[in-house]
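The values are calculated or read from the model by the stated rules, or taken from the named source; none is laboratory data. What you see is a predicted model, and the numbers here were worked out from it, not measured in a lab. Because the Cβ atoms are built from the backbone with ideal geometry, glycine has one as well, and the counts that use them run over all protein chains shown.
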Amino acid sequence: MKSLRLYGNQDIRFEEADKPVIEKADDVIIKVKAVGICGSDISRFSKLGPYVEGNVFGHEFSGEVAEVGSEVEHIKVGDRVAGCPTFYCGECESCRKGELSRCENLHVMGAYHPGAFAEYAKLPAENIVPIPDNVDYETAAMVEPSAVVVHGFYRTTMQPGAEVAVMGCGNIGLLAIQWAKIFGAKKVYAIDIDDSKLEVAKEVGADVLINSLEKPPHEQILEHTNDAGVDVAIESAGSPITSAQVFALPKKGGQVVFMGIPYADINIERFYFEKIVRNELTVLGSWNAISAPFPGKEWSTTVHYMSTGQINVKPIISHRLPLAEGPETFDRIINRKESFGKVMFYPEEG
Ligand SMILES: NC(=O)c1ccc[n+]([C@@H]2O[C@H](COP(=O)([O-])OP(=O)(O)OC[C@H]3O[C@@H](n4cnc5c(N)ncnc54)[C@H](O)[C@@H]3O)[C@@H](O)[C@H]2O)c1
Ligand SMILES: [Zn+2]
Ligand SMILES: [Zn+2]
């Protein structure tokens, strides 16, 4: 089958790989219809996150069930599904407590297991998420990042009528804007340094657009909120700068949710750090997207709101490509040759 395989730093190849075969009674083989590039795939490509040489990578996908193992009951050939690409060990203390996203041995397909940048992918039956007919395949390929974002919202005590700031309007932030509305936000402030991202933020429902290159973001938020600040601030830019700035956005007693990972040391100016203390903020981290019973309500809720149209990924998808363009596309992404939103591959198209 056609696939993208990772061989080393910035070395991916579009080439043949062995089609997965049923080995275990609970295996499910899916014909991949759409598979997106995740930020972690880019890190794996350019900074070499965990990988096995020559492995097929990629994990944000959907498709049609092609084959099932002998003990698979509720999934049949021809079903339309998304994949939950995450594996937990079931044995560590967090798993035994049912806190699956805190598993000590959490890992994702495409690192050590074969991934989904291919014509076929394989997962255990419990990782299969059925999708209704009115959710198309490219939307379903974004069930995983959307589940990541709602996992973070479940960590908050947000209530209807809240005001929410989303710092960083990439793939994660653009989903956070939509989830904020679903969680009852009356106003969502979208913050970015790239006006083209803010335009998309508006399209997916942001009420106020803030370019933080012009003026520090907290000054602009205070102007809009009568000097109060927001109830919940989401860090979804994943930069050392925003990881400090985000503390100045909530009102007293407000909440900050970190979804971004800066991959660098953070020096927080006293001004920002003191906000945590003086404003008695609650600071929450959010990791991955699974919970008990596996894969968790993050997945069923995502599929529900995709089917109602309240999660709309169409404006987020910037490129629709055949797999053959993978090597060149990854190269263009890391060399920042143009602006990328979500890049979606269609393996059936070559
Ligand atoms: N917690 C999790 O489980 C999880 C899962 C997936 C991704 N992530 C992390 O979420 C973060 C966002 O991922 P993504 O795929 O949306 O990335 P992305 O690159 O698509 O988006 C980042 C956005 O932040 C903006 N930005 C950069 N610097 C900024 C600044 N100084 N001020 C304001 N905006 C700024 C960029 O313009 C861009 O729009 C990353 O750090 C990623 O690693 C976390
Ligand atoms: Zn991902
Ligand atoms: Zn575990």
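Observations
- Candidates LYS314, LYS337, LYS251, LYS275, filtered to the one that is at pLDDT 95 or above and outside the structural domain of ILE193 (by TED's automatic domain parsing): LYS314
- Screening TYR137 on (1) more than 16 Å from ligand 2 (Cβ to nearest atom); (2) out of contact with any Gly (no Cβ under 9 Å at 6 or more places or on another chain) shows it passes everything except condition (2).
- Note on segment 1-59: enclosed strands (runs of 3 or more DSSP E) holding 3 or more residues that are assigned by TED's automatic domain parsing to the domain that holds PRO322, among the aliphatic types (A, V, I, L, M) and at pLDDT 95 or above are 27-36.
- Flag for GLU280 being surrounded by fewer than 16 Cβ atoms within 10 Å (Cβ to Cβ) and either outside the structural domain of SER46 (by TED's automatic domain parsing) or of a type in the set (D, E, K, R) (or both): yes
- Some residue of segment 71-91 being within 16 Å of ligand 2 (Cβ to nearest atom), farther than 22 Å from PRO130 by Cα, among the aromatic types (Phe, Trp, Tyr) and assigned by TED's automatic domain parsing to the domain that holds THR139: no
- Test: residue in segment 80-94 that is part of a strand (DSSP E or B), among the aliphatic types (A, V, I, L, M) and under 30 Å from LEU321 (Cβ atoms): yes
- Segment 273-284, residues that are among the aliphatic types (A, V, I, L, M) and part of a loop (DSSP other than H, G, I, E, B): LEU281
- Residue satisfying all of: in segment 117-147; closer than 28 Å to GLY285 by Cα and either of a type in the set (Val, Ile, Thr) or assigned to a loop (DSSP other than H, G, I, E, B) (or both); farthest from ligand 3 (Cβ to nearest atom) among these: THR139
- Scanning segment 169-188 for residues that are in contact (Cβ under 8 Å) with a residue 60 or more places away in the chain and either aromatic (Phe, Trp, Tyr) or within 15 Å of LYS342 (Cα to Cα) (or both) turns up CYS169, GLY170, ASN171, ILE172, GLY173, LEU174, LEU175, ALA176, TRP179.
- Restricting attention to segment 185-196, the residues that are surrounded by fewer than 24 Cβ atoms within 10 Å (Cβ to Cβ) and in contact with a strand residue (DSSP E or B) (Cβ under 9 Å, 6 or more places away or on another chain) add up to 5.
- The selection criterion, being outside any helix (DSSP H, G or I) and either touching a His at 6+ places or on another chain (Cβ under 6 Å) or away from ligand 1 (no atom under 15 Å from the Cβ) (or both), does not hold for ALA190.
- Filtered residues of segment 160-182 (kept if outside any helix (DSSP H, G or I) and either outside the structural domain of ALA244 (by TED's automatic domain parsing) or in contact with a Ser or Thr (Cβ under 8 Å, 6 or more places away or on another chain) (or both)): GLU163, VAL166, MET167, GLY168, CYS169, GLY170
- The set of residues in segment 1-57 being within 16 Å of ligand 2 (Cβ to nearest atom), closer than 22 Å to MET142 by Cα and small (Gly, Ala, Ser) consists of ALA34, GLY36, GLY39, SER40, SER43, GLY49.
- Subset of segment 46-80 [surrounded by fewer than 18 Cβ atoms within 10 Å (Cβ to Cβ), of a type in the set (Gly, Ala, Ser) and within 16 Å of ligand 1 (Cβ to nearest atom)]: SER46, GLY49
- Taking the criterion of being farther than 18 Å from LEU123 by Cα and not polar (S, T, N, Q), the residues of segment 69-101 that qualify are GLU91, CYS92, GLU93, CYS95, ARG96, LYS97, GLY98, GLU99.
- Residue pairs meeting the criteria (Cβ under 6 Å; at least 6 apart or on separate chains; first farther than 13 Å from GLU99 by Cβ and in contact (Cβ under 8 Å) with a residue 40 or more places away in the chain, in segment 288-316; second of a type in the set (Lys, Arg) and surrounded by 18 or more Cβ atoms within 10 Å (Cβ to Cβ)): ILE316/LYS342
- Top-ranked residue in segment 249-266 [being more than 13 Å from ligand 1 (Cβ to nearest atom) and closer than 28 Å to GLY39 by Cα; ranked as surrounded by the fewest Cβ atoms within 10 Å (Cβ to Cβ)]: ASP265
- Count of residues meeting criterion [surrounded by fewer than 17 Cβ atoms within 10 Å (Cβ to Cβ) and either in contact with a Pro (Cβ under 6 Å, 6 or more places away or on another chain) or not in a loop (DSSP other than H, G, I, E, B) (or both)] in segment 285-304: 4
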